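The values are calculated or read from the model by the stated rules, or taken from the named source; none is laboratory data. Values in this document were obtained by computation on a predicted structure and should not be read as measured data. Neighbour counts are summed over all protein chains in view; Cβ atoms, including those assigned to glycine, are modelled from backbone coordinates with ideal geometry.
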Amino acid sequence: MQLKNYKEQTINEVAGRVPEARHVLRAYHISASNTMPLDIAAAEASVTPDELLAVVEYRARRRARQAPAVREYAMEEELVA
């Protein structure tokens with residue numbers, strides 16, 4: 001996985017990658033379609049980029065934990081040893 005620093009990451013990229021990010025961005029009054037770098041948008045919302053991404057990650061993990069488990073069944077011929 002390749003990580004970008006805050007100056008290379010845009011709000012639009014974060015919102016597209018993490019579905020829950022749109023709710024967090026809206027709470028901070030940041031437009032999810034914004035092409036502004038993450039560090040500048042976070043500064044305008046009076047938070048650090050780390051704090052903003054931590055809230056996004058927390059919401060995404062919480063949502064994933066609440067999602068119902070999906071069961072998949074495999075046919076015997078589909079199993080590979």
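Annotations for the structure displayed:
- Of the criteria (1) at pLDDT below 90; (2) part of a loop (DSSP other than H, G, I, E, B), which one Val47 fails: (1)
- For segment 6-44, the candidate set comprises residues that are part of a loop (DSSP other than H, G, I, E, B) and in contact with a Pro (Cβ under 9 Å, 6 or more places away or on another chain); within that set, the residue that is modelled with the lowest pLDDT is Tyr6.
- Failed criterion for Ala54 (all others in (1) modelled with pLDDT of 90 or more; (2) within 16 Å of the chain's Cα centre (by Cα); (3) among the small types (Gly, Ala, Ser); (4) over 14 Å from Val14 (Cα atoms) hold): (4)
- Checking each residue in segment 41-53 for being in contact with a helix residue (DSSP H, G or I) (Cβ under 9 Å, 6 or more places away or on another chain) and without any contact (Cβ under 8 Å) to a residue 24 or more places away in the chain picks out Ala43, Ala45, Val47, Thr48, Asp50, Glu51.
- Filter pass, Ala21 being touching a helix residue (DSSP H, G or I) at 6+ places or on another chain (Cβ under 6 Å) and not basic (Lys, Arg): yes
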